[in-house]
Amino acid sequence: MKHQTLDQLQSVADISPLSPALMATRAQRIERWAELLDRNPKRCLVALTGTEHLHPSVRGEARAAESAITVAFDDPLLRASGMQSDTYGEATRFFELSDWQLHEIVCSCHAGATMQAGWAAGRVRRIINGSKILAWLRKGFMPH
């Protein structure tokens, strides 16, 4: 392999800036999701119905067009970071959420058939804040 300077490479190739950094950590992905929801806080989103009552195999495939999960999936950066669909199961995998955590964000039993994006953003951020509190408690009470 031959080493060349950037100037030398520019004479033989189109050099473009690096693509935006991908969302590598769980916290980055979740915060990005909350930011996307906050961009249009009054936007009406569709809730998923009765996620806690669905059989796990069906729950994983559950989705609703124009849901909070769809907002995340519509983002090119989250898709480039590995989000593969706007299903409930993919959201649990990609954002590393438990069923209970995602249920708290997207299920109709908390918000009715629809919700405002700003409300959903607050629920998403609770996950981040809850994780920080648990980490702080573990650090303070666990032996080193």
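Read the figures in this text as sums done on the coordinates, not as results from a lab. Since this is a predicted model, take the numbers as computed values, not measurements. Cβ atoms come from the backbone with ideal geometry, glycine included; neighbour counts cover every protein chain shown.
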What spacing in nm lies between the two simple spin-label points modelled at N129 and C109, each 7 Å away from Cα in the Cβ direction?
2.3 nm
The simple spin-label model distance between A27 and A80, using points 7 Å out along Cα→Cβ, in nm, is 2.3 nm
From phi via Karplus (6.51, -1.76, 1.60), per-residue ³J(HN,Hα) for segment 94-109 in Hz, x at Gly/Pro
5, 8, 6, 10, 6, 4, 5, 5, 5, 3, 4, 8, 10, 7, 5, 5
9 Å beta-carbon shell around R59, net charge (K/R +1, D/E -1):
-3
State the extension gain, in nm to one decimal, for the chain segment bounded by Q116 and S57, taking 0.36 nm per residue of separation less the distance between their alpha-carbons.
18.4 nm
Expressed as a whole-number percentage, the relative contact order of segment 23-141 with C-alpha contacts under 8 angstrom and at least six residues apart is 39 percent
